[in-house]
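Report on the following structure.
Taken together, the values in this text are just the output of simple stated rules run on the coordinates, not laboratory data. Small disclaimer: the values here were computed from a predicted structure and weren't measured. Glycine gets a Cβ as well: all are built from the backbone with ideal geometry, and neighbour counts include every protein chain shown.
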Amino acid sequence: MRRLDFLRMSGLLGMGGLFSSFSSSNSKAHPEELDAEMQQKIKDAGLNGSVFHLKAAPIPKVRIALFGLGNRGQSLIEMLNWLVEQGHAEITAISDVNPKKIETAKEKIKTFQSSTPVAFTGNENAWEVAMSPDVADLALICTPWELHTKMALKAMESGLHAASEVPIAYTPEDSIALVKTAEATQRHCIMLENCCYNREELWLLNMIEEGVFGTVTHAECAYLHDLRQLMIDPTYYEDRWRLKHHLHRNGNLYTTHGLGPVCMYFDILRGDTLTHLTSMSSKEAALSEALAATDDPELQAMSKQVMCGDVNTTLIGTAKGRSIMLQFDVHSGRPYNRLDKVIGSKASHYGYPSRLYIDHGASWDGHRWLSDEMEAEYRDQYEHPLWSRLQKLTEEHPQGHGGMDFVMMYRLIRCLNQGEPLDMNVYDGALWSLVGALSEASVSAGSQRMDIPDLTAGLWQQASKHPVGREV
């Protein structure tokens, strides 16, 4: 993953050039010029919002081609178990460059599926053959980040729906291209943000929709996860592909676990939108020190190349005047945290651990979080209907990050079965990913403001309730 590789990837669709300005560490970005370039590219792409509420033809049994059989791909196989047994889906193809992972996947799949999926392996381009409507209806993409956009585009151009792990893009060109291709092909393209389906986040969403928080004004969210050991391990992220991103990029490289749920809370693209951001990275220390402390000369050399700061903080504004603080830190040694803070005129919530405060007016002097017993009453009263309906199944599939992975896959497959719009569309994934690219641009430009372009042709102004609550 040398810089030249990143620049080549950004030019896959003949739209290259802009990202070199965003990612270069040798020259400062000029926000006005970058915004003008993005606006021109959006205009040239002719984006029209035509797949915002896309309903594709129902697929009674969704044929799935699974690309990437590392840790995440193997985990999602388990999440498909019940859906396959119920006849809602079938894994018809699997693909990975590592034949050993192919065999591991086959062993898992045969425990719940009678048919054996066709394997596509042997070289780095074998996956392209599986992108065929003769093979599958849905491409499920769990590969390293740099392949997500390329594979999603190929899937849609071949007539398949695309579902990609996060991030679905990390250049502005790729976000634009994903929307353009989805509109041209009328295919679904969803980024699989599992945290949007977590029990706590759905509970907060329901309380916000039911008015418990009053007018929501501010949120704080994050992905704080010490990944140093996993990034150093050459087998967990094969060939240390994730570590190599940190050698060449500086900003928020993983925006969506925190930002996705907050965008649901704030009706982003459904009455409000993200308008601008500014981003700052701290100095780097924790990852390079961990690399230097190993006895591996290659890792010791990498310790001098780390570009990504330990903590990135991005401030985001919305059209309705709300504010969001988004953080990213996978270097520092600290417990996992997504913050999950929401501030409203009538209530506030802080996550990790969950604490809820109900406002009793300006004269109230009892500034204390609700007791565990009182918070439990709110949890019972405002449990999200989606979680209530699927609770028994989530208890049977708890290995998927507490059940949210199963709920995510259930929603995806059942919406495709019934020909209903997906909970998140291509515009959601493109926007949330675009925040990451713009955070890198802002850091490079000394934390200058970056405007966030509209990819929906103005459809974000149409207020609507988030579809995650719709029954399917």
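Rounded to the nearest 5, what is the percent of antiparallel bridges among the DSSP beta bridges in the chain? Working shown, then result.
Working: 26 of 54 bridges.
Approximately 50 percent, going by the DSSP bridge assignments.
For a quick protection proxy, order the peptides 316-326, 89-99 by their average other-Cβ count within 10 Å, most packed first. Intermediate values should be presented prior to the final figure.
Details: 316-326: 18.7, 89-99: 21.9.
Highest-to-lowest ranking by the protection proxy: 89-99, 316-326.
Maximal additional length on extending the Lys304-Lys392 stretch stands at 26.7 nm, based on 0.36 nm per residue less the C-alpha distance. Averaging Cα coordinates gives a centre for the range 263-288 and one for the range 419-464; these two points are 10 Å apart.
Please list 41-50, 250-259 highest first by mean number of surrounding beta-carbon atoms within 10 Å per residue. Can you show the working numbers first?
Numbers: 41-50: 15.6, 250-259: 25.8.
Most protected by this proxy first, the peptides run 250-259, 41-50.
About its Cα centre, the dipole of the chain is roughly 540 debye, where the only charges are +1 on Lys and Arg Cβ and -1 on Asp and Glu Cβ. Which of the three applies to the range 97-142, rounded, prolate or oblate, going by the alpha-carbon gyration tensor with a ≥ b ≥ c and a/c under 1.5 meaning rounded? Verdict is oblate for the range 97-142.
The range 42-103 and the range 158-230 have Cα centres spaced 16 Å apart. Extension gain for Thr217 to Asp134 (0.36 nm times residue separation, less C-alpha to C-alpha distance): 25.0 nm. Looking at the range 298-351, the chymotrypsin sites (Phe, Trp or Tyr not before Pro) that sit in a DSSP loop and have at most 16 other Cβ atoms within 10 Å of their own Cβ are Tyr336. Helices in the chain, meaning DSSP H runs of at least 4 residues, each add -39500 (n - 2.57). Divided by all residues, the mean residue ellipticity at 222 nm is -11500 deg cm²/dmol.
Using only the Cα atoms of the range 112-215, construct the convex hull and provide its projected area averaged over every direction, in square nanometres to one decimal. If you can, show how the numbers build up before the last one.
Working: hull surface 39.4 nm².
Averaging across all directions leaves 9.8 nm² for the Cα convex hull.
Cross-link check: pairs Lys154/Lys244; Lys320/Lys392; Lys154/Lys283; Lys100/Lys392; Lys101/Lys283 evaluated at a Cα-Cα cut-off of 32 Å; pairs beyond the cut-off: Lys320/Lys392; Lys154/Lys283; Lys100/Lys392; Lys101/Lys283. A value for Cα extents along the principal axes in Å was derived from the coordinates, and within the list (1) 70, 56, 35; (2) 70, 54, 50; (3) 80, 53, 50 it appears as (2). Taking 7 Å steps out from each Cα toward its Cβ at Glu210 and Gln86 produces label points 2.4 nm apart.
Remark: the range 122-261 carries a charge dipole of roughly 320 debye about the Cα centre, counting +1 on each Lys and Arg Cβ and -1 on each Asp and Glu Cβ.
The range 227-280 gives an Rg/Rh value of 1.14, both radii derived from C-alpha positions and Rh following Kirkwood.
All other residues whose Cβ lies under 15 angstrom from that of Tyr254 are scored, Lys and Arg at +1 and Asp and Glu at -1, for a net of -1. Shape class of the range 18-160 from the Cα gyration tensor (axes a ≥ b ≥ c, square roots of the eigenvalues): prolate, since a/c reaches 1.5 or more and a/b is larger than b/c.
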